[in-house]
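Heads up, the thing below is written out as structure tokens.
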Amino acid sequence: MSGKWVTFEGIGGSGKTTQINILYNWLNDRKIPVVKTMEPGGTNFGQDVRNMVKTPRQPKLNPFTEFMLFEADRHETVKNVIQPSLNEGKIIISDRGIDGTCAYQGFARGINIELIDLMTHEATEGTKPNLTILLDIDPMIAQRRISKRMDTEIDQFDLETIQFQKKVREGFLYTAQRDKKRVHVIDATLTQQEISKKVIDLIKKFVL
């Protein structure tokens with residue numbers, strides 16, 4: 001089996017982490033070589049970036065600075081985690097990937113989409129996920145879920161306005177529309193069991 005890269009996307013509160021863990025355990029139970037990673041934070045350098053971009057701060061990072069930090073993290077993750085794991089024939093499950101920058105820094109922060117596409121292509125050296133699972137949810141419902149989290153589980157992106165979250169969602173749906181073969185949308189208001197069944201069906205069809 002050749003290596004495959006699967007990314008999970010969606011606004012905060014969409015349930016990505018839960019579904020990633022379910023899929024990771026499902027693959028492990030079947031003795032399928034699997035690696036879990038995230039953006040940002042897939043490397044030691046990435047953990048430093050994660051702290052910089054996720055921690056609420058005043059003044060906020062300039063959007064362009066934030067954008068470049070994400071791309072730098074992405075390059076390190078691709079070089080040190082994604083490409084080696086693909087070469088070893090493993091399945092990589094990533095909590096966020098290339099589409100998050102288009103949604104957050106592009107649609108919500110206003111960075112030029114063409115620039116994002118160019119820098120992402122350079123950062124990944126043209127490597128793209130084989131499958132992206134977008135958990136789509138209304139921002140109002142997502143905010144109610146986030147309000148039940150512990151303070152330590154809430155980051156600066158979760159604290160942004162509903163209008164911001166709506167723009168992010170719009171950005172994700174835009175990426176799904178322009179790359180229909182790779183990005184598959186799942187209704188994140190379904191039950192955990194219903195979502196995980198849809199996720200596993202996609203894995204069987206496009207990855208295994």
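The values are calculated or read from the model by the stated rules, or taken from the named source; none is laboratory data. Since the structure is predicted, the reported quantities are computational estimates derived from the model, not experimental observations. Positions of Cβ are backbone-derived with ideal geometry, glycine not excepted, and every protein chain shown enters the neighbour counts.
Considered as a group, the residues in the range 83-119 that are within 26 Å of Ser2 (Cα to Cα) and hydroxyl-bearing (Ser, Thr, Tyr) include one that is nearest to the chain's Cα centre (by Cα), and that residue is Ser94. Picking from residues in the range 1-27 that are aliphatic (A, V, I, L, M) and under 22 Å from Glu76 (Cα atoms), the one that is surrounded by the most Cβ atoms within 10 Å (Cβ to Cβ) is Val6.
Return a yes/no flag: does the range 194-203 have any residue that is out of contact with any Pro (no Cβ under 6 Å at 6 or more places or on another chain), hydroxyl-bearing (Ser, Thr, Tyr) and crowded, with 17+ Cβ neighbours inside 10 Å. The answer is yes; a qualifying residue exists.
Which residue is modelled with the lowest pLDDT, if the candidates are limited to the range 137-168 and must be of a type in the set (Lys, Arg) and over 14 Å from Phe107 (Cβ atoms)? Selected residue: Arg149. For the range 114-133, the set of residues classified as surrounded by 16 or more Cβ atoms within 10 Å (Cβ to Cβ) and either at pLDDT below 95 or hydrophobic (A, V, I, L, M, F, W, C) (or both) consists of Ile116, Met119, Ala123, Leu131, Ile133, listed by residue number. Among the residues of this structure, Asp117 counts as one that is within 24 Å of Thr37 (Cα to Cα), assigned to a helix (DSSP H, G or I) and charged (D, E, K, R). For the range 1-27, a residue qualifies if it is β-branched (Val, Ile, Thr), at pLDDT 95 or above and in contact with a strand residue (DSSP E or B) (Cβ under 7 Å, 6 or more places away or on another chain), and the qualifying residues are Val6, Thr7, Ile20.
Checking each residue in the range 166-192 for being farther than 20 Å from Ala103 by Cβ and either touching a helix residue (DSSP H, G or I) at 6+ places or on another chain (Cβ under 9 Å) or among the small types (Gly, Ala, Ser) (or both) picks out Leu190, Gln192. Just need a number here: residues in the range 121-146 that are closer than 27 Å to Leu208 by Cα and of a type outside the set (Val, Ile, Thr). Here the count works out to 11.
Residue-by-condition table, conditions (1) within 20 Å of Ile111 (Cβ to Cβ); (2) buried (at least 16 other Cβ atoms within 10 Å of the Cβ); (3) modelled with pLDDT under 95; (4) of a type in the set (A, V, I, L, M):
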{"site": "Asp29", "(1), (2), (3), (4)": "no, no, no, no"}
{"site": "Thr37", "(1), (2), (3), (4)": "no, yes, no, no"}
{"site": "Asp48", "(1), (2), (3), (4)": "no, no, yes, no"}
{"site": "Lys54", "(1), (2), (3), (4)": "yes, no, yes, no"}
{"site": "Pro59", "(1), (2), (3), (4)": "yes, no, yes, no"}
{"site": "Phe64", "(1), (2), (3), (4)": "yes, no, no, no"}
{"site": "Glu71", "(1), (2), (3), (4)": "yes, yes, no, no"}
{"site": "Thr77", "(1), (2), (3), (4)": "yes, yes, no, no"}
{"site": "Leu86", "(1), (2), (3), (4)": "no, yes, no, yes"}
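Tell me, please, whether a residue that is surrounded by 14 or more Cβ atoms within 10 Å (Cβ to Cβ), modelled with pLDDT of 95 or more and in contact with a Ser or Thr (Cβ under 6 Å, 6 or more places away or on another chain) can be found in the range 169-176. No, there is no match, as no residue in the range 169-176 is surrounded by 14 or more Cβ atoms within 10 Å (Cβ to Cβ), modelled with pLDDT of 95 or more and in contact with a Ser or Thr (Cβ under 6 Å, 6 or more places away or on another chain). Restricting to the range 100-147, count the residues that are in contact with a His (Cβ under 8 Å, 6 or more places away or on another chain) and within 21 Å of Lys198 (Cβ to Cβ). Count: 4.
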